[in-house]
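Engineer: Dropping the structure in here first, questions after.
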Amino acid sequence: MVIGYAVIALVANYQLNSITNESRPHGSQTDTPELTRNNYLMGFLNEYRSSYDVTYYDINIDFNIEQKSIDGFVTIKAKSLDDIDTLQVDLAKNLNIKKITHQNSSVEYSREEDAVMIFFNNTIDKDTLFDFTVHYNGIPQSADNPPWSGGFTWSKDKNDRDWVAVSCEGEGARIWWPNKDHISEEPDSVRMAFTVPSDLMSIANGQLRSVVEKEDDKTTYEWFVNNPINNYNISVQIGNYVAVQDTFIKENTIHYMNHYVLDYNKEVAQNYFPQSKEVIRFYEKYFGDYQWWDDGYKLIEAPYLGMEHQSAVTYGNGFSIYNGVRSDSWAMYGVIDPLIIHESGHEWFGNSVTAIDPTHIWIHEGLQVYSEALYFEDKFNSYPVGVDYLKSIKSRIQNKIPIVGPEDENYWALNGDTYMKGAWVMHTLRSAINDDSVWFAILKEFMVENAKGHVSTEDFFSKVREKTGIDYTYFSEQYFYTPNQPELEYYQTDSNFYYKWNNANDNFVMPMDLLVNGIEQRVLPKKEFQSFDIKKHSTIEVMDWKFYIKPIQK
Ligand SMILES: [Zn+2]
C-alpha cells in the first residue's frame, strides 16, 4: 500500500514539474524540439537521480542474433549522496524487466517512459556504497541510419556471416542496458560480459580479460574498462574478427594497440590503421596526453560509418583515404582517413573532456572539426591550408538555431550547427584573440585541466577569460546562443571608410581585420557607423576568411 502511494505521489510530482518553459534558459528558441515527457525524464537530474553517483556497471548480456534479442542483467554499484528510499534508473520502455534485486531480495519498481523508479525495502543511508541488479530481456531498437539514428545494426559481412554492432549517441545506452542515462554521469569502471555464438567474436571497450566457452555452442567475452566512460561510448561488436596488433612508442614506453577487423580485411588494415598513430601524436601535441592507455587503443571495423567509442573507436569507411564509403566524405587532401582522425580525436573531445549536458555537445563536435583544420595547418605547416579546410565545410552552416540550446531537456544539439559552425566559431575566436601562443595555451590547458571531466560552454569561456584577461561573453552570447551571423556593413567615400555591425547583439564588440591597401588594420566595429580616413582610390578588403561574419558592401 505504501509503495502504491509512493508511485502515485512520484508520478504526480513529476507531472507538476513537467514540461514547463522554466527550464528553457534562452526563451526564443522556438526551433529546438518540443520538450517531450521522456526527454524531461531523461534530461533533468531530479532528486531520484542526483541522490546517487554510479561507480561501476557490471553488464552481462546474452545475444540471440537470429531473433535480434538480448537477455541479461546489469549490476549497478553506486554511492548514495543522500538517504535513498527511491531512485530512478533508465531503460528503454520496449525492453522487459524480469526483476530488480537489492541485497538478494526483489524490490518493487514502476515504469514511466524510459524511467524506472525503484522502491527499496529499506532506506539506504547517505554515503553508503550499495548495488542493485536489473534483470531484463527483449528486442532492442534497431538502427535506422547508424550512427546518426542509433540502435543495433544486425547485418551480414561480405561472406554472408552475421555482423552486429550498436551505436547510441543521442538515443542513450538505455536502449540496450539499464543505467543512469545522463551524460554527466560516468562510472569509474565497467565490466562487460557479452555471450555470443562460438563462431563469432564479441569486441568491446577496454581490455579483454577472458574468453569462456559455454554450453549451447556459445562463448562469453569479458571486457573491462578501467576508466570513467560515457554511457553511449560503451559498445559491442560481434562478427568474424581477427586482431591486428600495433605499438605506439612514446618516451621509451611501448603502448599496445589491438585493432579488430573482419578476417578478410586483415592485410589491408595492417597497412592502413597505422595512420591512427600519427593522429594520436598530433592530438597529444596540441591537446595533451591520450588518457586511456591502460584500456588500450583500438580501431574496430563496424557495419556503419564510425563512432567515437572510447578505447574502441569504430571504423567503417572502406579503408580508403580518397574514396570512403561516404560520397560526401570530407575533403582531407588525401593525407588522412576522415573517420580515423574524426573519431579518434573524440578520445580528447567528448570522451576525455565531456559536455556536462548534451546541449553543449559542440565541445565534442565543434572542437573536433576545428582540430581537423589545425591538423592540416600543422601537417602542411600552413595556416592557409587550415583555412582552406574550414572554407570547404562552410557551406554546410545553416544559422537556423543556436549552437547551444536548452539544458536539462535531453537536447542533443547534434543536428544544427554544432559541427561546422562550431569549428568556424573557434577559428573566429582565435582571430579575435590575435595571439597564437595564448590561443594554443587556452586549448591545451582547457583539455588537460578538464581531462576525464565534464564542462559547459561557460567553462570554456572562463578559461578564455583567464588566459586573455578579456571577457568574451559578448562573443559566446552571439555565436553560441543566437543563430545570427554578424554582418559587417561597410562603404567608402573618397576620404573615409565607414563600417558597423548588423545582425548582431547590442553588446557585440568583436574586433575585425581589414586589408587597407594591402596592410592589415584592426578596427572595433559597433552597431553604429564609425569611420577612418583613407586616401582616394584606396583598396579595402574585409578579411572574412579569419572571422565567421558576412561582409555587406553598401
Ligand atoms: Zn563526431
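The values are calculated or read from the model by the stated rules, or taken from the named source; none is laboratory data. As the structure is a computational prediction, the values presented were derived from the model and not from experiment. For neighbour counting, all protein chains shown are included, and Cβ atoms are generated from backbone atoms with ideal geometry for every residue, glycine included. Calculation scope for accessible area: heavy atoms of the full protein, side chains included, ligands and nucleic acids excluded. Shrake-Rupley method; radii C 1.70, N 1.55, O 1.52, S 1.80 Å.
Engineer: Quick check: pseudo-label points 7 Å beyond the Cα along Cα→Cβ at Thr253 and Asn484, how many nm apart are they?
Structural biologist: It works out to 5.0 nm between the two label points.
Engineer: Debye calculation, C-alpha points only, no solvent: report log10 I(q)/I(0) for the chain at q = 0.09 Å⁻¹, in the same order as the q values.
Structural biologist: Log10 I(q)/I(0), no solvent term: -0.72.
Engineer: Using a Förster distance of 22 angstrom, determine the FRET efficiency expected from the C-beta separation of Asn507 and Glu466, and round it to 0.05.
Structural biologist: Working: r = 21 Å, r/R0 = 0.94.
Result of the calculation: an efficiency of 0.60.
Engineer: I would also like to ask the following. Full-extension gain between Thr55 and Ser495, please, as 0.36 nm times their residue separation minus the C-alpha to C-alpha distance.
Structural biologist: 151.5 nm
Engineer: How big is the accessible area of Arg209 in square angstrom, nearest 10, if you roll a 1.4 angstrom probe over the protein chains?
Structural biologist: Looks like 140 Å² after rounding.
Engineer: Step through the table entries Lys394/Lys467; Lys98/Lys126; Lys391/Lys546; Lys391/Lys500, compare each Cα-Cα distance with 20 Å, and write down the pairs that go over it.
Structural biologist: Cα-Cα > 20 Å for Lys394/Lys467; Lys98/Lys126; Lys391/Lys500; rest within.
Engineer: Another question, then. Out of Thr133, Ile340, His427, whose Cα points farthest toward the positive end of the dipole of the chain (charges: +1 Lys, Arg; -1 Asp, Glu; placed on Cβ)?
Structural biologist: Value: His427.
Engineer: So if we plug the beta-carbon distance of Ser142 and Lys218 into 1/(1 + (r/R0)^6) with R0 = 25 Å, what FRET efficiency do we get, rounded to 0.05?
Structural biologist: E(calc), rounded to 0.05, equals 0.70.
Engineer: Calculate the spin-label point distance for Asn64 paired with Asn399, positioning each point 7 Å from the Cα along the beta-carbon direction, and give it in nanometres.
Structural biologist: 5.5
Engineer: Still on this structure, I have one more. Please compute the modelled spin-label separation between Lys126 and Ser538, points set 7 Å along Cα→Cβ, answer in nm with one decimal.
Structural biologist: Rounded to a tenth, the inter-label distance reads 6.6 nm.
Engineer: Additional query: Around His454, which amide H atoms from residues at least 5 apart in sequence, or from another chain, sit under 5 Å from its own amide H, with H modelled in the peptide plane?
Structural biologist: The list, which skips near neighbours in sequence, is Thr354.
Engineer: Take Asn38, project a point 7 Å from its Cα along the Cβ direction, then tell me which residues of the range 84-111 have their backbone nitrogen under 13 Å from it.
Structural biologist: The answer is 91-95, whose backbone nitrogens lie closer than 13 Å to the label point.
Engineer: Still on this model: Counting Lys +1, Arg +1, Asp -1, Glu -1, what net charge surrounds Met543 among other residues with beta carbon under 11 Å of its beta carbon?
Structural biologist: For residues surrounding Met543, the net value is -2.
Engineer: Just to be sure I understand: of the beta bridges DSSP finds with both ends in the chain, what percent are antiparallel, rounded to 5?
Structural biologist: Restricted to the chain, the bridges split so that about 80 percent are antiparallel.
Engineer: What figure in square angstrom, to the nearest 10, would you give for the accessible area of Lys156 with a 1.4 Å probe?
Structural biologist: The value for Lys156 is about 110 Å².
Engineer: Taking the Cα centre of each part, how many Å lie between the range 425-455 and the range 178-216?
Structural biologist: Each part reduced to its Cα centre gives a spacing of 35 Å.
Engineer: Okay, next question. Here is the link list: Lys93/Lys298; Lys77/Lys218; Lys77/Lys158; Lys421/Lys444; Lys68/Lys180. Which ones come out longer than 30 Å on Cα distance?
Structural biologist: Beyond 30 Å between Cα atoms: Lys93/Lys298; Lys77/Lys158.
Engineer: Compute the accessible area per residue over the chain, keeping the other protein chains in place, probe 1.4 Å, unit Å².
Structural biologist: Values: 22430 Å² over 554 residues.
The answer is 40 Å² per residue.
Engineer: HN-Hα J couplings of the range 251-268 from phi, Karplus 6.51/-1.76/1.60, θ = phi - 60°, integer Hz, Gly and Pro as x?
Structural biologist: Coupling constants for the range 251-268: 6, 6, 9, 9, 9, 9, 10, 10, 6, 10, 9, 4, 3, 6, 10, 4, 5, 5 Hz.
Engineer: Can you give me the % of accessible surface on the chain that is carbon or sulfur? Probe 1.4 Å, all protein chains present, nothing else counted.
Structural biologist: Ligands and nucleic acids excluded, carbon and sulfur give 46 percent.
Engineer: How much length would be gained if the chain were fully extended between Phe440 and Ile97, taking 0.36 nm per residue of separation minus their Cα-Cα distance, in nm to one decimal? Intermediate values should be presented prior to the final figure.
Structural biologist: Numbers: separation 343, 0.36 × 343 = 123.48 nm, distance 4.95 nm.
Extra length available between Phe440 and Ile97 comes to 118.5 nm.
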